[in-house]
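The structure under discussion appears below in the form of structure tokens.
The values are calculated or read from the model by the stated rules, or taken from the named source; none is laboratory data. Everything quoted here is computed from the prediction, not taken from an experiment. Cβ sites come from the backbone with ideal geometry, for glycine too, and all protein chains shown count toward neighbours.
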Amino acid sequence: MAVACLDDGSYKAVANTCPHEMASLANGRVEKMWVSDGVGHLRAAEEKCVIICPWHNFEFDLETGRSPCEPDRLRIATYRAELEEDEVVVYV
Amino acid sequence: MVKIVNQETSIPHLAERAPVVDVDVHEELRSVKELVPYLGEPWRSRVEIADGWKGVDRFPYSYPQISGVAMAEAATADGAPAGSSYELMREQLLDAYGVELAVLVSAFHPTDMRVQPEFATALASAYNDWLLENWLDKDERLRGSVTVAAQDPWEAAREIDRVGGDPRMVQVVLPASSREVFARSFYHPIFEAAVRNGLVVAFHQSNVTETAVGLPDYYIEWHTAISQAWQSQLIGLVCHGVFDKYPELRVTMIESSWTWVPSTMWRLDHNYRSLRREVPWVKRMPSSYIREQVRFTTQPMEYPEDAEHLYRMFEMIGSDEFLLFSTDYPHWDFDSPQHVFPSTFPKDLRRQILSDNARNFYDF
């Protein structure tokens, strides 16, 4: 399991294994998802974060676990994670 | 000379009398001087004068084929380019094979001119008028391609608007360039004008198309490797978001060969999974745009040792609509509609490729 702490202090938990070649997602990076309003324009989405696999850079939406490229075909499990007092609790 | 007493081929022949729509037929100017009546000044004089302009870039290779670029019977006794006679085309192609519709694809590409863009634009316009008067007016079976000078995309768009409304014009033709990616936003007025006029945009090689290593020594190297030019144009159309920006756009890759399509789709899809962040304006898997908005032509057909492998390409690409029949008349590697298909292609599929796919895509 990979647990991410976001800028707003919230936590997200996802399965740690990339479905592509089984890399550990915890070795990757969490970032705002890059989106566009038109050709040539890039914008970091405020509302969406993705975890990027350390191998091949596949992306997964931290909220849904789905790949932005193939949301119906490629996804990882997501879990509710909460900061409770001084512990991060993941509900499975 | 050796006399041929028995012609045999290992390629399976199947008698066909299905309707034929041919989407790659080449009309040719006898000489650039044929454009003189269609040019205004100052360009007319520059072509008309005795030792004036000679034409767009010439093809760099000598041809090892027995009749040069022509199929032998289409070569003319007086040395005029094959494809410059409508009467011969009618006899050898339209009537001979029962072609219901033939899309003329110009081999005249002012886009390839690296100088005098206004002259290039005037030549494109003159060529279109010449095409209408000397070809499309002569035979109801003929359809035309709008020639443009893409180096000035706004002028090219104006030309598309000028002649693209003629119902016999069915596409805009661009050279499969190895110098320039036409998907760049600079060229978008051309795609926009094509969509506005309900025209397909087609890519076909030109005299200046090169390979990934430029111009290799031998014609056989060039002829084998130039598919790279169409691949680069196609990948560009996806990655520059042209299909997203113009969802009604239809593109035909003519004479590119087509057996490379599955591997290009797989590679581009895989790279999109990894590199979407660079081009987030591309909203869907690249292969889905290709499957929905792009078509390829049969000629030059390829023949793997096991013909079943060719048939499996349809499963790999995930569509039986992507392929349109073409002869490439009058060129040396002409494919016959009666004999081109391997026996592994079911009859219904052959009929679809020979006619239905083009009719649906071009809205014939």
Taking into account only those residues within the range B:16-71 that are touching a Pro at 6+ places or on another chain (Cβ under 9 Å) and over 26 Å from B:Arg90 (Cα atoms), which is surrounded by the fewest Cβ atoms within 10 Å (Cβ to Cβ)? B:Arg44
In the range B:73-127, which residue that is polar (S, T, N, Q) and crowded, with 18+ Cβ neighbours inside 10 Å is nearest to B:Arg359 (Cα to Cα)? B:Ser106
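Rundown of residues vs (1) at pLDDT below 95; (2) farther than 25 Å from B:Pro175 by Cα, yes/no style:
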site: B:Thr76; (1), (2): yes, yes
site: B:Ala96; (1), (2): no, yes
site: B:Ala102; (1), (2): no, no
site: B:Lys138; (1), (2): no, yes
Complete set of residues in the range B:232-254 that are crowded, with 16+ Cβ neighbours inside 10 Å, out of contact with any strand residue (DSSP E or B) (no Cβ under 9 Å at 6 or more places or on another chain) and either of a type in the set (Ser, Thr, Tyr) or assigned to a loop (DSSP other than H, G, I, E, B) (or both): B:Ser232, B:His240, B:Tyr246
Could you please give the count of residues in the range B:294-344 that are assigned to a loop (DSSP other than H, G, I, E, B), surrounded by fewer than 20 Cβ atoms within 10 Å (Cβ to Cβ), in contact with a Ser or Thr (Cβ under 9 Å, 6 or more places away or on another chain) and of a type in the set (Gly, Ala, Ser)? 2
Looking at (1) more than 25 Å from B:His240 (Cα to Cα); (2) surrounded by fewer than 19 Cβ atoms within 10 Å (Cβ to Cβ); (3) more than 10 Å from every other protein chain (Cβ to nearest Cβ), find the lone condition where A:His20 falls short. (3)
When the range B:109-136 is examined, which residues are found to be polar (S, T, N, Q) and part of a helix (DSSP H, G or I)? B:Thr111, B:Thr121, B:Ser125, B:Asn128, B:Asn134
Can we say B:Ser287 is within 14 Å of chain A (Cβ to nearest Cβ), in a helix (DSSP H, G or I) and of a type in the set (Ser, Thr, Tyr)? yes
A:Gly28 fails exactly one of the following numbered conditions: (1) over 25 Å from B:Leu268 (Cα atoms); (2) within 14 Å of chain B (Cβ to nearest Cβ); (3) not hydrophobic (A, V, I, L, M, F, W, C). What is the number of that condition? (1)
Single residue of the range B:88-127 satisfying the filter (without any contact (Cβ under 8 Å) to a residue 40 or more places away in the chain and closer than 19 Å to B:Gly165 by Cβ) that is farthest from the chain's Cα centre (by Cα): B:Thr121
Only one residue in A:Glu59, A:Glu63 is facing chain B (nearest Cβ under 9 Å) and acidic (Asp, Glu), so which one is that? A:Glu59
Collect the residues in the range B:40-67 that are in a helix (DSSP H, G or I) and either in contact with a Ser or Thr (Cβ under 7 Å, 6 or more places away or on another chain) or among the acidic types (Asp, Glu) (or both), keeping them in residue-number order. B:Glu48
Would you mind stating whether B:Tyr246 is under 19 Å from B:Pro300 (Cβ atoms) and aromatic (Phe, Trp, Tyr)? no
For the range B:177-231, give me each residue that is small (Gly, Ala, Ser) and crowded, with 18+ Cβ neighbours inside 10 Å. B:Ser177, B:Ser178, B:Ala183, B:Ala193, B:Ala194, B:Ala202, B:Ser206, B:Ser227, B:Ala229
Could you please give the count of residues in the range B:334-348 that are free of Cβ contacts under 8 Å to residues at least 40 places away in the same chain and in contact with an Asp or Glu (Cβ under 6 Å, 6 or more places away or on another chain)? 1
Of all residues in the range B:260-284 being in a helix (DSSP H, G or I), among the hydrophobic types (A, V, I, L, M, F, W, C) and within 14 Å of chain A (Cβ to nearest Cβ), which is farthest from A:Cys53 (Cα to Cα)? B:Met265
Please determine, by comparing only the residues of the range B:67-87 that are free of Cβ contacts under 8 Å to residues at least 60 places away in the same chain and not small (Gly, Ala, Ser), which one is nearest to B:Thr111 (Cα to Cα). B:Pro81
Unmet requirement for A:Gly38, which otherwise passes all of (1) within 13 Å of another protein chain (Cβ to nearest Cβ); (2) within 15 Å of the chain's Cα centre (by Cα): (2)
Scanning the range A:41-92 for residues that are of a type in the set (Phe, Trp, Tyr) and surrounded by fewer than 19 Cβ atoms within 10 Å (Cβ to Cβ), which turns out farthest from the chain's Cα centre (by Cα)? A:Tyr91
Identify all residues within the range B:214-263 that are under 22 Å from B:Val23 (Cβ atoms) and of a type in the set (D, E, K, R); write none if there are none. B:Glu248, B:Arg250, B:Glu255
